[in-house]
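Below you'll find the structure, written out as structure tokens, and then a few comments.
The values are calculated or read from the model by the stated rules, or taken from the named source; none is laboratory data. It should be emphasised that the depicted structure is a prediction, and the values quoted were computed from it without experimental measurement. Methodologically, a virtual Cβ is constructed for each residue, glycine included, from the backbone with ideal geometry; neighbour enumeration extends over all protein chains shown. All accessible areas refer to the heavy atoms of the entire protein, side chains included, with ligands and DNA or RNA removed. Shrake-Rupley method; radii C 1.70, N 1.55, O 1.52, S 1.80 Å.
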Amino acid sequence: MPTYKAPLRDMRFLMNEVFDYPAHYARLANGAEATPEMVEAILEAAASWCEEVLAPLNLSGDQEGCHFNAGKVSTPAGFREAYRQFVDGGWQGLSFPVEYGGQGLPTSLSVFKAEMMGAANWSFSMYPGLSLGCINTLLRYASEAQRSQYLPALVSGEWTGTMCLTEPQCGTDLAQIRTRAEPQPDGSYRITGTKMFISAGDHDLAENIVHIVLARLPDAPAGTRGISLFVVPKFLVDSDGSAGQRNAVSCGSIEHKMGIRASATAVLNFDAAVGHLIFEPNKGLEAMFTFMNTARIGIALQGIAHAEASFQGALSYARDRRSMRALSGKKEPDSIADALIWHPDVRRMLLTQKAIAEGGRAMIYAAAQTADLMFNAVLEDDRAAQAQYDNMLGFYTPILKGFLTEMGLEAANLGMQVFGGHGYIHEHGMEQIARDARIATLYEGTTGIQALDLLGRKVLIGSRGKCVRDFTRIMLRLAGPHLAARGSKGRMARSLTRHAIQWNLLTLRIMWRAARDRDLVGSTSVDYLMYSGYVMMGHFWALQAEQARQRLRSGQGAESADFYRAKIQTAEFYFDRLLPRAEAHRRSALAPTRSLMQMDNGNFAFP
């Protein structure tokens, strides 16, 4: 079984040397207490807890799974004790407001903690993870009475939260939602309907579960314009804020899944359950996007978490397992054979995993800074800045969720491949990582849905390409001073410049053609998303390489010279071996729609 070790050196490099988080925190209204000493203490404590408590439960939790008996769900052995430690440690409230019991620290600190939790034990991390979006939705849209009623227990972790969107007849197409909300004389509503695929929908870890539910009012217009948002607790809340009488919400079953088996995915039945309206009638989808965007960034973390976990397992195995001799001659003459790590194809797989994990981590840490700035703008009531940073996050989110989960799945599969036949055996833990990673490209919107969101909503309709122009300006500022440089620095700079120009031209060509071909956006969107992801990751690898070069030149970096050289070498590998994939996606994105749409539906197969 892989032994998880939190990648603190890489995390510190990004935080302190690439993105200068200490200066970033010093500028935030809620960043005064996020001193370097405080941040280091949080990282060390989170790493120890994840390594010593969560990681050992990962394989056993997968083997045991969750149990469903007479409507009650129980989690695997050890989960309840681990969750109690999570609550007692104050981990849930790390970045939430002090007035509701949180510690009021910047949002990004929760991202760093969540990455370690996810890599150590993704199934466990989903129980508190779904609460984050629930809390954010209540913070932004609930009344003060509702916030006072629910947030203290959610922020402490004593209660958990969910998002209830999907129904048996509809997944992504929320216009088909049938769950009803009947108004009552006391201002409450009776919620009736069935929701499915509800992650952490029922369990035995917390004394109450707060469901955020999409439903329709009796006079609601058809389609997504007629959806409202409600808060529906598993147990009604008494006047003293404690969990009281059981609400009419029941768990009908839990799913038997390919992966994340220790995470309970529930079918929930609402039988005239008591709920209360959040935000305005028929504007629930607008409010739910707060929840969904929070969850999507969290799922992007899953791609990195599984890439890191699989890389750690594969690297350890490749160093220890011996097979044949290296093609260039014996490397370990005193051993019966050379270690796998000497073989070029194994190195290709390991470097691909490393490039995905560390490149994706940089992408997410950059987005986390933007999230900090957005929440800071909220605290300072700067609506213009809030809108600016919200738009930036809106552009990042589908790329992070779609691209990084696809790449995380690739990294997980490569980890199995390094192990050979042993990778297929459950006890080694590598096939579990691949099974757990598979869901990441599906829930919270499939890769195709993320691609439509990116190209259709964010690029073409929302900004007419401005979001791409804004990001490529950042790329050009990084590359510009080094265009004439020799060696890999110059090659990376010229490649970044070429791809920045190409990304804008690709966007313009699609925009022009989409005006005449209504199917074009759907046919080209996934290739466009993957192209965008490869180019964006290239930017962040070039940024890391440049920072590493500066530390090597000055001799003043916090890490060893070997660490910085490895960063530069991984960046060179990315530009030589992975970034060229972007060209294939660009060409496919420009392929004619006709070859995709011309076949009659009945001619797909001839039984």
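Observations on the model:
- Calculated translational diffusion coefficient of segment 283-366 (20 °C, 1.002 mPa s; Stokes-Einstein with Kirkwood radius over alpha-carbon pairs) equals 140 µm²/s.
- Within straight-line reach of Lys234, meaning a Cα separation under 28 Å, sit the following lysines at least 8 residues removed in sequence or on another chain: Lys72, Lys113, Lys195, Lys257, Lys283.
- Computed over segment 225-264, Cα set: Rg, Dmax in Å: 15.2, 42
- Within segment 407-557, all pairs of alpha-carbon atoms sorted by distance into 10 Å bins from zero give the percentages 10, 28, 25, 25, 11, 1.
- Cα-based helix-to-principal-axis angle, 487-514 vs the chain, degrees rounded to 10: 50 degrees
- Equivalent ellipsoid of the chain: semi-axes from √(5λ) of the C-alpha gyration tensor, largest first, are 39, 29, 26 Å.
- Dipole of the chain, positive direction: furthest Cα of Gly187, Ala368, Pro152, with charges on the beta-carbon: Ala368
- Peptides 48-54, 492-498, ordered by how many other C-beta atoms sit within 10 Å of their residues on average, highest first, read 492-498, 48-54.
- By accessible area, using a 1.4 Å probe on protein heavy atoms only, segment 347-490 has 56% of its surface on carbon and sulfur.
- Ranked packing of 444-450, 430-436, most packed first, by mean Cβ within 10 Å: 430-436, 444-450
- About its Cα centre, segment 149-298 has a charge dipole of approximately 460 debye under the convention of +1 per Lys or Arg Cβ and -1 per Asp or Glu Cβ, with nothing else charged.
- Within the accessible area of segment 265-337 (1.4 Å probe), percent carbon and sulfur: 54 percent
- Spatial separation of Cα centroids for segment 264-290 and segment 393-442, in angstrom: 31 Å
- Note: relative contact order over segment 363-513, using C-alpha pairs below 8 Å and six or more positions apart, is 17 percent.
- Working from Cα pairs under 8 Å separated by at least six residues, relative contact order for segment 449-579 is 25 percent.
- Compactness of segment 161-212, expressed as Rg and Dmax over alpha-carbon positions, Å: 12.8, 34
- Principal axis analysis of the Cα atoms in segment 303-462 yields extents of 67, 28, 26 Å, listed in decreasing size.
- Pairwise Cα inverse-distance average, inverted: Kirkwood Rh of segment 85-142 (Å): 11.8 Å
- Debye, to nearest 20: dipole size of segment 1-90, +1 on Lys, Arg Cβ, -1 on Asp, Glu Cβ: 300 debye
- The charge dipole of segment 279-397, taken about the Cα centre with unit charges on the Cβ atoms of Lys, Arg (+1) and Asp, Glu (-1), comes to about 900 debye, rounded to the nearest 20.
- Taking the centroid of alpha carbons for each part, segment 64-81 and segment 552-607 are 41 Å apart.
- Centre separation in Å (Cα based) which lies between segment 504-532 and segment 356-370: 26 Å
- On segment 177-237, 49 percent of the accessible area sits on carbon and sulfur atoms, based on a 1.4 Å probe.
- Label-to-label distance for Gln184 and Glu380 is 4.4 nm, based on points extended 7 Å past Cα in the beta-carbon direction.
- Per residue solvent-accessible surface (Å²) - the chain, probe of 1.4 Å: 42 Å²
- Relative contact order of the chain, taken over Cα pairs closer than 8 Å and 6 or more residues apart, is 13 percent.
- For Lys330, the lysines whose Cα falls under 30 Å of its own Cα, not counting residues fewer than eight places away in the same chain, are Lys354, Lys567.
- The stretch between Ala145 and Asp88 holds 17.9 nm of extra length on full extension. This uses 0.36 nm per residue minus the Cα-Cα distance.
- Residues with amide H under 5 Å from that of Gly252, placed H, sequence gap 5 or more: Val267, Leu268, Asn269
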